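Participant: Let me give you the structure first, and then I'll get to my questions.
The values are calculated or read from the model by the stated rules, or taken from the named source; none is laboratory data. Note that the structure is predicted; figures quoted are calculated from it, not measured. FYI the Cβ positions are ideal-geometry reconstructions off the backbone, even for glycines, and counts take in every protein chain you see.
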Amino acid sequence: MQVSVESTSALERRMTIGVPAERIETEVTKRLQQTARRAKVAGFRPGKVPMSVIRQRYEDSARQEALGDLIQATFYEAIVEQKLNPAGAPAVEPKSFEKGKDLEYVAIFEVIPEIQVAGLDSIAIERLQAEVADADVDNMLEILRKQNTRFEASDRAAENGDQLTIDFVGKVDGEVFAGGSAKGTQLVLGSGRMIPGFEDALVGVKAGEERVITPTFPADYQNLDLAGKAAEFSVTVTAVAAPQLPELNDEFFTLFGVKEGGLDGFRAEVRKNMERELRQAIKSKVKNQVMEGLLAANPVEVPKALIGNEVNRLRVQAVQQFGGNIKPDQLPAELFEEQAKRRVSLGLLVAEVVKQFELKPDDARVREVIEEMASAYQEPQQVVAWYYKNDQQLNEVRSVVLEEQVVDTVLQKAKVTDKAVSYEEAVKPAEAPQAA
């Protein structure tokens, strides 16, 4: 087999492969012999059909199969011989496929770039330090109470925070518009659910009252036919209900699975969950900075094939997340290209750190991560056992741990500054990173 390789760009390779005619004929004959053992031809017993008849009937198809398999096999042999690492399937261009002659074809493909991770000591990391204070727990208890607010019918005038039950009909330019009418809608005043001015105009209403209100649709309203236009809504209030926060009692604690210990036990459980959230938030923010630092210090030229594969994965995820009847390939690729490029770049860099520093998942750390996740469930030991019985789930945790070890490796060399902050600031979501 003859192989020659030409670099047509930094990542693209044009490889010409020649396969001797003898090897082709050997493969064709092998397939014909296999066919002869099972072929059914009138006038001959199975397995007794003369090879001349077999060749006459089946040689063309056998040759096509042989050529296809040989291209696949010889391409693999060639990239091993040349020590190349393709980023995707090759585009094959035939040069000579004539019977009795050597097979010659060209395979064009991209290679995975060779990366040497550097500049780790130039990466600056700000690591947040925070604790869960008693006041943070008090605040969380109030949030949990508000999330479980009950509404009770009231005769008084409606205030912000009250829940109204309303019927309404909306008009623009004197005409009822699509989607502008409803019956029995429940609306909490001050929630910002309706267009600006709608909820404010209903403060002070009472049950049974009718009111005409005239808000204006925002200029950037999603329905362009309504954007910026003045509307008129005829609203009938059928009920006003005032919010009632639940008491911090055993009935409330049971909603969260806490059946013993009273208020102290509930506070302890809430604190434990907040501390877990805090650890994860700090770890996530450090990881994001590490990844951004790796990208900034190590620009990577990414193979188009890998970006295309990642774009397709993101398309599928988008369809699964948002649903609808659209197919993944109907979503424009450009919507996902920057995100795909960033993810592929990071994947290549993380893999190189693993290789460069000879990292392997730490078994003790894998166990620790699983136990941490399991602690959020009623029967943690059952959850731990489940992970260790499911190879796919266990391997996912190992991948997470390996990525954490990559972060730790970078942190050992990076410039790390600790910063004391409040719990609220520490758990506040970080701004989305800019596309690489």
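Participant: Taking the condition at positive phi and touching a strand residue (DSSP E or B) at 6+ places or on another chain (Cβ under 8 Å), does GLY119 pass?
Facilitator: No.
Participant: A further question follows. Count, please, the residues in the range 210-237 that happen to be outside any strand (DSSP E or B) and either of a type in the set (Lys, Arg) or outside the structural domain of GLY179 (by TED's automatic domain parsing) (or both).
Facilitator: Counting residues in the range 210-237 that are outside any strand (DSSP E or B) and either of a type in the set (Lys, Arg) or outside the structural domain of GLY179 (by TED's automatic domain parsing) (or both) gives 1.
Participant: Looking at ARG271, ARG276, which is the one that is assigned to a helix (DSSP H, G or I), farther than 30 Å from GLY88 by Cα and modelled with pLDDT under 95?
Facilitator: On inspection, the qualifying residue turns out to be ARG276.
Conditions tested, residue by residue: (1) surrounded by fewer than 17 Cβ atoms within 10 Å (Cβ to Cβ); (2) at negative phi; (3) at pLDDT below 95.
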{"position": "VAL366", "(1), (2), (3)": "no, yes, no"}
{"position": "GLU372", "(1), (2), (3)": "yes, yes, yes"}
{"position": "TRP386", "(1), (2), (3)": "yes, yes, no"}
{"position": "LEU402", "(1), (2), (3)": "no, yes, no"}
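Participant: So ALA42 passes all but one of these: (1) exposed (fewer than 15 other Cβ atoms within 10 Å of the Cβ); (2) among the aliphatic types (A, V, I, L, M); (3) under 30 Å from LEU348 (Cβ atoms). Which condition number does it fail?
Facilitator: Tallying (1) exposed (fewer than 15 other Cβ atoms within 10 Å of the Cβ); (2) among the aliphatic types (A, V, I, L, M); (3) under 30 Å from LEU348 (Cβ atoms), ALA42 fails exactly one: (3).
Participant: Hey, another quick one. Just the residues that are within 30 Å of ALA89 (Cβ to Cβ), in contact (Cβ under 8 Å) with a residue 24 or more places away in the chain and acidic (Asp, Glu), please, taken from the range 108-124.
Facilitator: If the condition is that a residue be within 30 Å of ALA89 (Cβ to Cβ), in contact (Cβ under 8 Å) with a residue 24 or more places away in the chain and acidic (Asp, Glu), then GLU110 is the only one that fits.
Participant: Same structure again: Give the range 194-214 a look and list any residue that's in contact with a strand residue (DSSP E or B) (Cβ under 7 Å, 6 or more places away or on another chain) and within 14 Å of PHE177 (Cβ to Cβ), or say none.
Facilitator: Hits for the range 194-214: nothing passes.
Participant: Checking THR16 against (1) among the hydroxyl-bearing types (Ser, Thr, Tyr); (2) under 30 Å from VAL344 (Cα atoms); (3) loosely packed, with under 13 Cβ neighbours inside 10 Å: exactly one of these is not met. Which one?
Facilitator: Result: THR16 passes all but (3).
Participant: I need the full set of residues from the range 90-106 which are among the aliphatic types (A, V, I, L, M), in contact (Cβ under 8 Å) with a residue 60 or more places away in the chain and out of contact with any Asp or Glu (no Cβ under 8 Å at 6 or more places or on another chain), in order please.
Facilitator: Result: LEU103, single match.
Participant: List the residue pairs whose Cβ atoms are under 7 Å apart, where the first residue sits in the range 389-409 and is in contact (Cβ under 8 Å) with a residue 60 or more places away in the chain, the second is small (Gly, Ala, Ser), and the two are 6 or more positions apart or on different chains.
Facilitator: Note: no pairs meet the criteria.
Participant: Which members of the range 75-91 meet the condition of being assigned to a strand (DSSP E or B) and buried (at least 16 other Cβ atoms within 10 Å of the Cβ)?
Facilitator: PRO86
Participant: Somewhere in the range 388-397, is a residue among the hydroxyl-bearing types (Ser, Thr, Tyr), buried (at least 19 other Cβ atoms within 10 Å of the Cβ) and either in contact with a helix residue (DSSP H, G or I) (Cβ under 9 Å, 6 or more places away or on another chain) or closer than 21 Å to PRO113 by Cβ (or both)?
Facilitator: no
Participant: OK, next. Could you identify the single residue in GLU301, GLU292 that is charged (D, E, K, R) and not in a helix (DSSP H, G or I)?
Facilitator: GLU301
Participant: Filter the range 231-259 down to the residues that are surrounded by 13 or more Cβ atoms within 10 Å (Cβ to Cβ) and without any contact (Cβ under 8 Å) to a residue 60 or more places away in the chain, then identify the one that is farthest from GLN163 (Cα to Cα).
Facilitator: Ranking the qualifying residues of the range 231-259, first place goes to VAL258.
A quick yes/no check of all residues on (1) modelled with pLDDT of 90 or more; (2) under 30 Å from ILE115 (Cβ atoms); (3) in the same structural domain as VAL302 (by TED's automatic domain parsing):
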site	(1), (2), (3)
ILE24	yes, no, no
ARG45	no, no, no
TYR58	no, no, no
PHE75	yes, yes, no
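Participant: Let me ask something else. List the pairs whose first member sits in the range 313-337 and is of a type in the set (Val, Ile, Thr), whose second member is exposed (fewer than 14 other Cβ atoms within 10 Å of the Cβ), and whose Cβ atoms are under 8 Å apart, counting only residues at least 6 apart or on separate chains?
Facilitator: Correct list of pairs: VAL319/ILE326; VAL319/LYS327.
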